[in-house]
Amino acid sequence: MNLGIIANQFRLPYPYHVLVTPASTVTSDLYFDLSTLSSFWTKVRSDGGDIRVYKQNGFTQVARQVCGFDYANNKGSLFIATSGATAFYITCGTGEAEP
């Protein structure tokens, strides 16, 4: 699935957050390649444990599974439970309000 990164947003309290919008309507779980995110690998923990995914409203956290995470080589992927959402924030790092 081809995804487009729309823009970095400032309203989420994390050092790194990016809004991702699927190229078409998604009705099932979504695969996302983390290797496509610039600056992500300098902010995320080496075990990927701080990665969170939110619906576009920025408040509703959605289920995600970090897969094939290879911090040393800046590679990894996420499976995201779409739950009918059409865009997602991917966040990482320690913020003021850790979920």
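Some points to look at:
- Taking the accessible area of segment 38-78, probe 1.4 Å, and keeping the other protein chains in place, the carbon and sulfur fraction comes to 44%.
- Here the label points at THR36 and ASN74, each 7 Å from Cα along the C-beta direction, are separated by 1.6 nm in the simple model.
- Extended-chain gain in nm, criterion 0.36 nm per residue less alpha-carbon gap, VAL62 and ALA81: 6.2 nm
The values are calculated or read from the model by the stated rules, or taken from the named source; none is laboratory data. Here the structure is a predicted model, which is why all the values come from computation and not from measurement. Backbone-built Cβ (ideal geometry, glycine too); neighbour counts: all protein chains shown. The area values use the complete protein model at the heavy-atom level, side chains included, leaving out ligands, DNA and RNA. Shrake-Rupley method; radii C 1.70, N 1.55, O 1.52, S 1.80 Å.
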